[in-house]
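Q: My structure is below; once you've seen it, I'll send some questions.
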Amino acid sequence: MSRSEKMKEFLAEKGLDYFVSISSEGSNTTVRYFSGFSGDTGAVIIGENERFIVVDSRFYTQASQESDFEMVKTENSSLMDKVGEIVKGKKIGVEESKMFYAWYRDLSSKAASIENVEDKVYELRAVKDEDEIKKIEKAVEVAQDALERTLEKFHVGMSEKEFSAILEFEMAMGGAQKPSFDTIVASGYRGALPHGLASDKKIENGEMMVVDFGALVDGYCSDLTRTFAIGKVSQKAKDAYNAVLNAQMTAMKAAKAGMTGKEIDAIARNVLEEAGLGEYFTHSLGHSVGMDVHEPPFLSPKYEKKIPSHAIVTFEPGVYIANEFGIRIEDDVLLTEEGYRCLSSFKKEFTQI
Ligand SMILES: [Mn+2]
């Protein structure tokens, strides 16, 4: 069954006329997920007998080439006016967290009813098909090959921003459309900021350096993290590194589809607690990755739902000791009922550069 057929079936169950998803300047990947249209602005409308892609004149050609949905041209009206005409008097389902308030207000004034159906969209998107798995594998490969080439150009004293600029350049040269998010390069004390974007700080001997990065290839994201020792580092940092790696691999090896996100998270958390580092693992174990770099389902103490087969999730335990160092190791992993398949292969034994 195609993605839109699955949505149609759901609409029928819920007694809804249309599913409506709108993207403005690329803020919503659901439009592409259903229609194939990769332009940054447009709307998909799916009903029992209709599949519309609404676009403005900048995208007429592109939409006709990329999507088999029936194209609705905005002509002289705005995107929202055109969508409003179609949904007038209909019962519609939308994704509340992908909708601006102005759109919601506009659609509410026209539709007969409006309700949030984003859980259904996330449920569909969570299960990756073969083609999606291949695309994510490609995004992983582009990213990890770029890191390999970046390390060849690395020297002590280089700034975090220089490192990230080379890494992003290498990803682009390897086929990335762009980085899948702002590259994190956090060395020394900055490593204790889990989302420390690359800064002007110079990377010095004796520091740990966290590099969290990914490539967007063919509409799909990768999300990887490696932590390197710059020259000789403390035994404390080395021990923490090995504990994080152990936590990651223990959880990965035990994980399979059908377990809850909370159960998988707990495995990694227990390993770090036993190593005396539990208090320094301050975020959840992972998230799904696909057209968005962060998607449900999550591997988190708060996520009590089961992970479906063919979800691709990150395993990214970390340890962050304020004013000292941070360590994180992250891979993208396909989960099935049989177990796991790690899509990334970049080495992760403790590495001094
Ligand atoms: Mn991540």
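The values are calculated or read from the model by the stated rules, or taken from the named source; none is laboratory data. Worth saying up front: this structure is predicted, and the values here are computed from it rather than measured. For neighbour counting, all protein chains shown are included, and Cβ atoms are generated from backbone atoms with ideal geometry for every residue, glycine included. What goes into the accessible areas is simple: the full protein's heavy atoms, side chains included, and nothing from ligands, DNA or RNA. Shrake-Rupley method; radii C 1.70, N 1.55, O 1.52, S 1.80 Å.
Q: Which strands (runs of 3 or more DSSP E) does the stretch 1-118 wholly contain that include 3 or more residues that are on the phi < 0 side of the Ramachandran plot and buried (at least 17 other Cβ atoms within 10 Å of the Cβ)? Step through it out loud before you land on a result.
A: On the way: elements: 18-23, 42-47, 51-55, 70-73, 91-94, 113-116.
Counting at least 3 such residues, we get 18-23, 42-47, 51-55, 91-94.
Q: Related question: Mind listing whichever residues of the stretch 119-133 are charged (D, E, K, R) and either at pLDDT below 95 or open to solvent by less than 50 Å² (accessible area, probe 1.4 Å) (or both)? Before you say what the answer is, go through the steps one by one.
A: So in the stretch 119-133, the residues charged (D, E, K, R) come out as 119-120, 123, 125, 128-132.
If the condition is that a residue be charged (D, E, K, R) and either at pLDDT below 95 or open to solvent by less than 50 Å² (accessible area, probe 1.4 Å) (or both), then K120, R125, K128, E132 are the ones that fit.
Q: Suppose we filter G84, G39 for residues that are out of contact with any Phe, Trp or Tyr (no Cβ under 7 Å at 6 or more places or on another chain) and assigned by TED's automatic domain parsing to the domain that holds Y104; which single one remains? Explain how you work it out, then say what you get.
A: Details: G39 fails: out of contact with any Phe, Trp or Tyr (no Cβ under 7 Å at 6 or more places or on another chain).
Testing whether each residue is out of contact with any Phe, Trp or Tyr (no Cβ under 7 Å at 6 or more places or on another chain) and assigned by TED's automatic domain parsing to the domain that holds Y104 leaves just G84.
Q: Which ones in the stretch 124-140 are among the charged types (D, E, K, R) and either touching a residue at least 40 places away in the same chain (Cβ under 8 Å) or in a loop (DSSP other than H, G, I, E, B) (or both)?
A: Taking the stretch 124-140 as the starting set, the residues that turn out to be among the charged types (D, E, K, R) are 125, 128-132, 134-135, 137-138.
Those that are among the charged types (D, E, K, R) and either touching a residue at least 40 places away in the same chain (Cβ under 8 Å) or in a loop (DSSP other than H, G, I, E, B) (or both): R125, K128, D129, E132, K135, E137, K138.
Q: If you don't mind, another one. For the stretch 226-240, what are the residues that are more than 16 Å from the ligand (Cβ to nearest atom) and either crowded, with 24+ Cβ neighbours inside 10 Å or on the phi > 0 side of the Ramachandran plot (or both)? Don't jump to the end; show me each part of the working.
A: In the first step, residues of the stretch 226-240 are kept if they are more than 16 Å from the ligand (Cβ to nearest atom); the result is 228-240.
Result: G231, A240.
Q: Another one. Filter the stretch 195-225 down to the residues that are under 24 Å from T282 (Cβ atoms), open to solvent by less than 10 Å² (accessible area, probe 1.4 Å) and within 16 Å of the ligand (Cβ to nearest atom) and list them by number. Don't jump to the end; show me each part of the working.
A: So the first thing to find is which residues in the stretch 195-225 are under 24 Å from T282 (Cβ atoms), and the list is 195-199, 201, 203, 206-214, 221-225.
Right, trim to open to solvent by less than 10 Å² (accessible area, probe 1.4 Å) and you get 196, 203, 208-214, 221-225.
Passing the criteria: G196, V210, V211, D212, F213, G214, C221, S222, D223, L224, T225.
Q: Shifting gears a bit: Of the residues H287, H294, H283, H310, only one is under 14 Å from the mean Cα position of the chain (by Cα) and open to solvent by 40 Å² or more (accessible area, probe 1.4 Å); which?
A: Working: H287 fails: open to solvent by 40 Å² or more (accessible area, probe 1.4 Å); H283 fails: under 14 Å from the mean Cα position of the chain (by Cα); H310 fails: under 14 Å from the mean Cα position of the chain (by Cα).
Residue meeting the stated conditions: H294.
Q: When you scan the stretch 272-350 for strands (runs of 3 or more DSSP E) that lie fully inside it, which ones turn up with 2 or more residues that are away from the ligand (no atom under 16 Å from the Cβ)? Quick ask: steps written out before the conclusion?
A: On the way: elements: 286-288, 295-299, 311-315, 318-321, 325-328, 331-336, 339-342.
Counting at least 2 such residues, we get 339-342.
Q: Exactly one of (1) more than 16 Å from the ligand (Cβ to nearest atom); (2) surrounded by fewer than 19 Cβ atoms within 10 Å (Cβ to Cβ); (3) under 24 Å from T282 (Cβ atoms) is unmet by S187. Its number?
A: (2)
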